[in-house]
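Student: One structure coming up, written as C-alpha cells, with questions to follow.
The values are calculated or read from the model by the stated rules, or taken from the named source; none is laboratory data. This one's a predicted model, so the numbers in the text were calculated from it and none came from an experiment. Because the Cβ atoms are built from the backbone with ideal geometry, glycine has one as well, and the counts that use them run over all protein chains shown. Side chains included, ligands, DNA and RNA excluded: accessible areas come from the protein's heavy atoms. Shrake-Rupley method; radii C 1.70, N 1.55, O 1.52, S 1.80 Å.
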Amino acid sequence: MQNQEIEIRELTIDDADKLTHLRQIALKTNPEAFGSTIEEEKGDDGERFKKSLETGGYFVLGAFKNSELVGMCGFIQEKRLKTKHKGTIWGMFVQPEARGLGIGRNLLKSGVEKAFKNEEVEQIILYVVDENQAACNLYESFGFKTYGTEMRALKKDGKYWDEHLMVIFKDDSF
C-alpha cells in the first residue's frame, strides 16, 4: 500500500455495504476495541447506517485506497438540549495492512475538524481500550486528554478490558 493515493471523504448511503463490510473486518480483527461483537452485527445490511445518516449530527468518514474502504471514523452529536454541545468519535479503525501510512491521523483530523464546524459542538469525547497504546498516543497527539478510566468496561469470553475516557474541547483543538 506504500506510495498509493488515499482519499478521505464522508460516506453516503451508497457506501453502506462497504461500511458494513469494513465494520465486520474491524470486529473480527480488533474485537477488544468495540462495544459490539461480530455476532451481534451479523446480518446487518447497512440499514442501521442508512437510518443514522437521516438523523443529522451524525457522519462517518472513510479512507479509500483504489475505491476500497480501508479506514473509518464516525461521529455522533448528542441530541438532548443540555448535552447537544457534546459529540462522540466512534468506530475508529484502519485495516492492518493500511496502518502506518498516516490514515488514522488523517481520519481523526478530518473528523475533529468536521465535528467542530458544527457551531453547537463544543467538545468531543471518545473511548479507547487502555491496552491500545498506539491509539492512545494518536489521540493525545491531537490534544485529547484522559478524564477517567472505566474499569472492566468491556467483557467477552471472560476477559475484561478497561477503557480510557478522553475529551477535547473546541477552544483547545489544533
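Student: Please enumerate the residues belonging to region 136-150 that are of a type outside the set (Ser, Thr, Tyr) and farther than 14 Å from residue 35 by Cα.
Tutor: Scanning region 136-150 gives 136, 137, 138, 140, 142, 143, 144, 145, 148.
Student: Among the listed residues 71, 62, 57, identify the single one that is modelled with pLDDT under 95, under 18 Å from residue 12 (Cβ atoms) and surrounded by 16 or more Cβ atoms within 10 Å (Cβ to Cβ).
Tutor: 57
Student: If you don't mind, another one. What are the residues in region 95-106 that are open to solvent by 20 Å² or more (accessible area, probe 1.4 Å) and outside any helix (DSSP H, G or I), if any?
Tutor: 99, 100, 101, 102
Student: Taking region 136-168 on its own, how many of its residues are aromatic (Phe, Trp, Tyr), at pLDDT 95 or above and not in a strand (DSSP E or B)?
Tutor: Selection size over region 136-168: 2.
Student: If you don't mind, there's one more thing I want to ask. Only one residue in 145, 114, 109, 156 is touching a helix residue (DSSP H, G or I) at 6+ places or on another chain (Cβ under 9 Å), open to solvent by 60 Å² or more (accessible area, probe 1.4 Å) and in contact (Cβ under 8 Å) with a residue 24 or more places away in the chain, so which one is that?
Tutor: Unique residue meeting the criteria: 156.
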